[in-house]
Amino acid sequence: MHPKSAFRRTASLSLVVALFSGCGDSTAPRQRIDPTKSTITLTRPLLFIDDTVRATLQVRDTRNNPITTGGATVVFSSMGSATGSSSLTVLPTLDNGDGTYNANLIGSGMGSPRTVTANIDGLPVSVTPTVRVVGFTKIAAAGGTLHGAVTTTGGFTCGIITTGDMYCWGIPWFGVRGTGSFVGPTPDPTPTLVAGGHQWTDVAAGLWYVCAVAGGGGGYCWGSGSAGELGNGISGHGSLDNVSIPAPISGGSTIGTVSIGQSNGGCATTLTKTAMCWGAGVWGRLGNGTETPTDVPVVVSGGLSFDALSTSYSGTCGISAGSAYCWGHYSLLGLGGSPAPESCSGPVACARTPFAVSGGRVFRPVVAVDGNVACALGTDDQAYCWGSGYVGNGSMGASAPTPVSGGLSFTSLGMSGDSGHCGIAVGGAAYCWGINSNGRFGNGTTSDATVPTAVSGGHAFTQMSSSQDHTCGVATDGNGWCWGGNDMGELGDRTTTRRLTPVRVKLFAP
């Protein structure tokens, strides 16, 4: 063979080796990157505002083999519609030197999914994942104070996010987490998805049970139904009345909103604004003219159309055409000095059917009942309370609707905990009054308050909910914040540490 031919063959072989091995030489040509074969993965497809997900690009060659050297110019970005899409802040790209590239994506605005893409040396990656910034639409704090050697609180929380999914965290007792599992009173601060694949629109939670509304008006409950609280035709003590996954409420296919007290049962309004209740009938809280308990919904008497409804263990109140009506224990009736219309077992003064609250005041469709105190929002945007207990004006009772102190203009009232109320003022600031168990007022103390006290942190809320030991709220950016008792992990910050001021719910792993 001619010497020059041998030299050419040797030189060609050396070039091939250099192309495909690199041999650790940073100046050697890389394998040919194929953006159509390269892949992007995300640590998860959902995040909240201020949450971070990591995007990882694995570059590949034309044969779909991973390339294990760095040096490419990679730029991550996201794409979505001009309006309505999630917003992301994309941090600078990190070249790991092994053929993978990372960028952190921070949620900065809720919306529909966005596509995460990347350019490699100016060429776009073809196969791209999506990510969505979500927020809470409704949150429900629940549970009560336990006494014994295990724990001092039995709290849990459930929240619906903008995908329609619902997650719960905290104590898993009696199946209240809705996962299909029955577990004892052990802490569980990790949020889990409620089973059933429903798209939820409303949720309310009590001591040991939850009721919610799915898209299309289907009503469901789960947890402990010993007094017929689940509305599914089952009651009694023992394991047979406990349900660990959402079970349909009997005849509940047209429910619009749902309310349940800390105990004794629930009430709901249908899509046509008919009120119905189920569970214990003590003092006439069902509103159907009897005190007979029922484990299926019964229609409230009187034929009124209700725009809002709230129930507790002792009675129920609703707003119909701007007027407040209550039934049950006499303290809730807003009698204004007049005698109660009936006498219930006990004997206790009561009303077994809707009774017009005195004073003739016109209310917005906002009402919240806590034990023996009811509060409603007037058309002047002031909160008015009546009943026996913390009515928010410095006293411990009012026989007729009385303005809450402070002259605050409220936009909504929170679902009430036992002996406590909260409201959201214009601008989103939250205020609470009553018994400050475990610091559930979020003002940095455990001191009770007979007038509204501001929740710390400067957050602007759209919705709130309280239990016997903690409170949670949805902020205007969709993030959830909770405060108070946390023995069971009910605050959602993935700890069991009590918090006297709001902490952000970490629905997804940090």
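The values are calculated or read from the model by the stated rules, or taken from the named source; none is laboratory data. Note that the structure is a prediction, hence the values are computed from the model and not measured. Cβ placement follows ideal geometry from the backbone for every residue including glycine, while neighbour counts extend to all protein chains displayed. With ligands, DNA and RNA removed, areas are computed over all heavy atoms of the protein, side chains included. Shrake-Rupley method; radii C 1.70, N 1.55, O 1.52, S 1.80 Å.
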- Note on the structure: Once the in-chain neighbours fewer than 8 apart are removed, the aspartates and glutamates whose Cα is under 12 Å from Lys273 read Asp307
- Would you mind checking the tilt of helix 3-21 against the longest principal axis of the Cα atoms of the chain, expressed as 0 to 90 degrees and rounded to 10? 10
- Task: Place the peptides 260-266, 442-448 in order of packing, highest mean first, counting for every residue the other Cβ atoms within 10 Å and averaging per peptide.
- Result: 260-266, 442-448
- Query: In deg cm²/dmol, rounded to 500, what helix-only [θ] at 222 nm does the chain give when every DSSP H run of at least 4 residues adds -39500 (n - 2.57) and the total is split over its residues?
  - Reply: -1500 deg cm²/dmol
- Work through the residues other than Ser126 whose Cβ is under 10 Å from its Cβ and net out their charges, Lys, Arg +1 and Asp, Glu -1. 0
- Message: Can you tell me how the range 70-224 classifies by the Cα gyration tensor, rounded, prolate or oblate, using a/c under 1.5 as the rounded cut?
- Response: prolate
- Query: Tell me which aspartates and glutamates have Cα within less than 15 Å of Lys37's Cα, excluding those fewer than 8 residues away on the same chain?
  - Reply: Asp61, Asp121
- Once the other residues with Cβ under 13 Å from the Cβ of Glu291 are scored (Lys, Arg +1; Asp, Glu -1), what is the net sum? +1
- Item | In Å², nearest 10: area of Asp295 left accessible to a 1.4 Å probe | 40
- Query: Which of the peptides 488-500, 66-78 is most tightly packed, and how do the rest follow, going by the mean number of other Cβ atoms within 10 Å of each residue?
  - Reply: 488-500, 66-78
- List every residue whose amide H lies under 5 Å from the amide H of Ala227, counting only residues 5 or more places away in sequence or on a different chain, with H placed 1.01 Å from N in the peptide plane. Gly236
- Task: Enumerate the amide H contacts of Asp448 below 5 Å, restricted to partners 5 or more residues apart or on another chain; note that Pro and chain-start residues carry no placed amide H.
- Result: Asn436
- If a/c stays under 1.5 just call it rounded; otherwise compare a/b with b/c (prolate if a/b is bigger, oblate if not). Do that for the range 421-487, with a ≥ b ≥ c from the square roots of the Cα gyration tensor eigenvalues. oblate
- Query: In whole angstrom, how far apart do the alpha carbon centroids of the range 325-385 and the range 61-136 sit?
  - Reply: 57
- Task: Specify which labelled value, from (1) 1.23; (2) 1.06; (3) 1.16, agrees with Rg/Rh (Cα atoms, Kirkwood Rh) derived from the coordinates of the model shown.
- Result: (3)
- Listed residues Ile245, Gly318, Ser226: farthest to the positive end of the dipole of the range 192-335 (Cβ charges): Gly318
- To the nearest Å², the heavy-atom accessible area per residue of the chain with 1.4 Å probe amounts to 39
- Query: By how many nm would the segment from Thr411 to Val362 grow when fully extended, if each residue of separation counts as 0.36 nm and the alpha-carbon distance is taken off?
  - Reply: 16.1 nm
- Message: Explain nothing, just compute: Karplus ³J(HN,Hα) = 6.51 cos²θ - 1.76 cosθ + 1.60, θ = phi - 60°, for every residue of the range 476-486 in order, whole Hz, x for Gly and Pro.
- Response: 4, 8, x, 6, x, 10, 9, 7, x, x, 8
- DSSP beta bridges in the range 378-510: the antiparallel percent, rounded to 5, is 95
- Rank by packing, highest mean first: peptides 352-359, 119-126, 49-56, with packing defined as the count of other Cβ atoms within 10 Å averaged across residues. 352-359, 49-56, 119-126
